[in-house]
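FYI, it's all coordinate maths here, none of it is from the lab. Since the model is a prediction, treat every value here as computed from it, not as a measurement. Cβ placement follows ideal geometry from the backbone for every residue including glycine, while neighbour counts extend to all protein chains displayed.
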Amino acid sequence: MSGDPTDHGYNPSSGDVSRETESDVSRETAFAVRTAGDLVSLGSDLDDLQTPLAVEAQHSVIARQGIQRHPVPRPEATRVFVVANQKGGVGKTTSTVNIAAGLCELGQRVLVVDLDPQGNASTALNVDHRQGTAGTYEVLVDGMSLEEVIKPCPDNEGLDVVPATIDLAGAEIELVSVVAREGRLKKAILAHPKVGTAAEAGEERYDYVLIDCPPSLGLLTLNALVAGAEMMIPIQAEYYALEGLGQLLATVDMVRAHLNPDLAVSTIVLTMYDARTRLAAGVAQEVREHFGDQVLKTAIPRSVRVSEAPSYGQTVMTYDPGSPGALSYLEAAREIAIRGSLR
């Protein structure tokens, strides 16, 4: 790891992608990025002379043949993830719902908390979130328990959702005068009987709670940062997507210092990776050099199927389980689960 992830002076534009050689890009495309399976070990058999598009196609074939959906060990206690990035359009909600669905396929019990007033996570998980539906607004503002607002995802067994409605847009104003306003979500999560250790919550416990944040650093996101122990940051493989990371990490440090000392940036996932471009390879290289092992080996490729799935009220895991996007999210979920079991 060549850089400190808390170094807020990180400037993504300092890298000179134009000086990379074609062989550098070929190696980055073939070996450092996987779509599914253990492609790092398989990469030694790939021909360096293939075009990036040919390599991507070969990876897809390998993934479809060798993808594993066997259950992975459950964590000893519920892992609470905050999925956040102040920049919109980087695949934050898409990563939240698909990794949640992937974890369910691997035998985990998952709760998704939709904290974005747009309710996109609720849409993708086919959960009603019309105005007036009880959800995160009622939990944060009215003090309702999570048990009263949780709804099961109809397409994924073991996946539950706390929906978000447009009412949540006014929550930040209403919470200003509330005592301990930044800890409302944490209190609600810890009070749920299925959150905790195996001894406390039993076999019916949630293994993962994923909190999907709005693309801003307001009071809603602050509630999530106080509630979570781990943070997942989706980063689009383009330079503009890296801007603002310093401010996000500074906010994390502030929360860690004053409100939640347990918060750690544990996971960074590269999204919308286009193996055909040198730019994507350059961004991936810089992110890996700066954040090291925090970056998942599996990158999520650009995929029409991933974009189409929410319009049908589904994740890509159920919309097209054999697509490269679905296989990549499944492998990303496996990485997250395995990393947790090794701690």
Net dipole in debye of the stretch 76-341 [+1 Lys, Arg Cβ; -1 Asp, Glu Cβ; about Cα centre; nearest 20]: 500 debye
Placing +1 at every Lys and Arg Cβ and -1 at every Asp and Glu Cβ, with all other atoms neutral, what dipole size does the stretch 91-151 have around its Cα centre, in debye to the nearest 20? 220 debye
The alpha-carbon center of the stretch 245-269 and that of the stretch 185-236 are separated, in whole Å, by 14 Å
Of Lys151/Lys194; Lys151/Lys187; Lys194/Lys297; Lys92/Lys297; Lys151/Lys297; Lys87/Lys297, which sit over 25 Å apart, Cα to Cα? Lys194/Lys297; Lys151/Lys297
Mean-position separation - Cα centroids, the stretch 124-161 and the stretch 291-340, in angstrom: 23 Å
By the Kirkwood definition, with r running over pairs of different Cα atoms, the stretch 76-341 has a hydrodynamic radius in Å of 18.3 Å
What does DSSP give for the stretch 76-341 in terms of the percent of beta bridges that are antiparallel, rounded to the nearest 5? 10 percent
Arrange the following residues from fewest to most other Cβ atoms within 10 Å of their Cβ: His192, His129, His70. His70, His192, His129
At 7 Å along Cα-to-Cβ for each site, give me the label-to-label distance between Thr197 and Glu148 in nm. 3.0 nm
